[in-house]
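First the structure, in the form of structure tokens, and then the observations on it.
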Amino acid sequence: MSNKLNHSMSLAKPDVQDISTKQKIALATGLVGLLILILAFFNVNFPNRAVFLTLALSLITAGTVVYSRDAYLTKLEGIKNDGVWFKSISSRGAMGWALGVFLTAFYIVLYFYAELLGAGQGANGTNTGLIALFDPLSNLLSGRDASQWFVYGTLYTVAIAAFGYKFILKYRHNKYQQIRTVSVIFFQLGFAYLIPEFMHVMNSDLPYYDLKSVWPLNYYLFQDYHLNQFLSAGNIGTTLIIFGIVSTLVITPILTYKYGKRWYCSWVCGCGGLAETAGDSFRQLSSKKMSSWKLERWLIHAVLVFSVIMTVGVVSSFLKGGWVDGVFVEGNYWLSNEAFLTSVGLFLTVIFAGVMIFKRSELGKDALYGAIGYALVILSLFVVYFTGTNEEIFFVNSGTLKSAYGFYIGSIFSGVIGTGFYPILGNRSWCRFGCPMAAILGFQQRMLSKFRITTNGGQCISCGNCSNSCEMGIDVRHYAQKGENIVRSSCVGCGVCSAVCPRGVLKLENDSMDGRINPTEVLLGNDVNLMDLLNQK
């Protein structure tokens, strides 16, 4: 007789099922591949790096594929919770914390201690350790030794591809999920990984590493040293600058108007791609508390305002001139600093005025917060104009300020916390709380977009699958019970809420602006004090 007690009273038997023998073999296979990478980290000198790198990546991929096939193809199509809140790794248990610590430590070493990975630690500046293991692949693609960023990009791409296959099997009953997963794999493999390597072969002076990134997600796009490299690269460099500007001001607003922010956040973005694939097991960990929602709104928009101010200051200092190869060069561009600052001020004023005139009723008290952000940016324009120099921005050394921005936003927030904390905060903590690109697209989606998630409140059984699966912390069930359209700035349009709904209550739609934000159609007990309502009658 077993001494193990089952404290669950659920008829649905939510207990975690033991993994099969095939899944155990698959796990062991993947761990062997990971072991090769760990041995390389500890400077084990493999006789043929190309063979062992191929073996490591192949074993990791094969293990993931075999495990996924046995986990999902042996069951009927459709989403099942499968004890997700009873597994240590996916419910902030000991295994989840251990994985979070491991990922965070890896990101810290990657960003700040690349020498521990072997970057330039060999004779004559050659690589050793883990980075040296990737040298054969880097030389094959671009004719240069690997860097820590090439290692990161390779592992990143393998993770999206392997776990993307797992995601496709899990959601194989939903064509939308399959297509968008193939999309993020395609953009990561092609535009973020292979094409930049090939472009280095064609023009090694071109400072571009991710063709699908636009400002402000690519926060260093308009930094002075990048602009100098772009301009020195000739026509192709100038073309890429223009493409970045047009993408930011024209292409992204049009696509967001037609499809919502999902066209980028769920179909193109590499950060979102990793979150949706490798991070899918942790999507339920996103907090649905009101306090988290308030923190989200303040934090992500504060990062956006900071990004705008930083970019304005950096471009302004560039237009004033700067040091190039130890020689100070006067700013002598067709765009003057005064014209740039004036254009930015007018552009932001037109947007602010338009929102206040046409969308004021939808903003409510948020209009005040928007006005504060607008005032801060406009004030920064005057500060930059009257105090900024080629060496200082806001009375602070420009190099120090730019390094701090890259350190806290680009490294700590998006990398260490955003990805390393998957098993703790959920898979979209960066997208939800810190990504300035998500903030801009979310603003466009909320104010002017055809996208919405429609709900059929009469069919909702309040099972909570939708809210549990929302990686952005939206209490989807709250809207579904009322039959109210979901129009939220934070919604990335992943569609998983719709995919896991057993009643077909939720539907992703692109329609006219009329009736997009609909009033509450169903009155619930928690919306009003029913006794007060009865006494008023």
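Each value in this text was obtained by applying a stated rule to the coordinates, not by laboratory testing. Computed from a prediction, not measured in an experiment: that's the story for all the values here. Using ideal geometry, Cβ is built from the backbone for each residue, glycine included, and neighbour counts are taken over all protein chains shown.
Below is a table of values for the structure above.
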read-out: Ranked list, fewest to most other Cβ atoms within 10 Å of each Cβ, for 366, 135; value: 366, 135
read-out: Convex hull volume of segment 450-527 per residue (C-alpha atoms, cubic angstrom); value: 90
read-out: Estimated distance in nm for a label pair at residue 28 and residue 77, the labels positioned 7 Å out from Cα along Cα-to-Cβ; value: 3.4
read-out: Spacing of the two label points (7 Å from each Cα toward its C-beta) at residue 242 and residue 510, in nm; value: 2.7
read-out: Phi-based couplings in Hz for segment 367-380 (Karplus 6.51, -1.76, 1.60; Gly and Pro marked x); value: 4, 5, 5, x, 5, 5, x, 4, 5, 5, 5, 4, 4, 5
read-out: Sites residue 98 and residue 149, calculated FRET efficiency, Cβ-Cβ separation with R0 25 Å, nearest 0.05; value: 0.45
read-out: Whole-Hz couplings from phi, Karplus 6.51/-1.76/1.60, listed for segment 258-267; x for Gly and Pro; value: 7, 10, x, 6, 5, 4, 9, 5, 10, 10
read-out: Virtual spin-label span in nm between residue 50 and residue 347, 7 Å along Cα→Cβ; value: 4.7
read-out: Stretch gain in nm, segment residue 339-residue 231, where the contour uses 0.36 nm per residue and the Cα spacing is subtracted; value: 36.9 nm
read-out: Order of 355, 505 - criterion: other Cβ atoms within 10 Å of each residue's Cβ, fewest first; value: 355, 505
read-out: Near-label residues of segment 139-165 by backbone N, under 20 Å of a point 7 Å along Cα→Cβ of residue 116; value: 147-156
read-out: Distance-filtered residues of segment 291-306 - backbone nitrogen under 17 Å, label point 7 angstrom along residue 376 Cα→Cβ; value: 294-306
read-out: Residue-wise HN-Hα coupling along segment 458-470, computed from phi with Karplus coefficients 6.51, -1.76, 1.60 (Hz; x: Gly, Pro); value: x, 9, 5, 10, 6, 6, x, 4, 5, 5, 4, 8, 6
read-out: Förster radius 35 Å - calculated FRET efficiency between residue 19 and residue 194 (Cβ-Cβ, nearest 0.05); value: 0.50
read-out: Links that overshoot a 32 Å alpha carbon limit, given the list 258/365; 289/365; 294/482; 359/482; 166/294; value: 166/294
read-out: Which of 356, 513 has the fewest Cβ neighbours within 10 Å, and the rest in rising order; value: 513, 356
read-out: Extension gain from residue 289 to residue 448, taking 0.36 nm per residue of separation minus the Cα-Cα distance; value: 54.5 nm
read-out: Under-5 Å amide H pairs with residue 87, H placed in peptide plane, nonlocal only; value: none
read-out: FRET efficiency estimate (nearest 0.05) - Cβ-Cβ, residue 43 to residue 302, R0 56 angstrom; value: 0.85
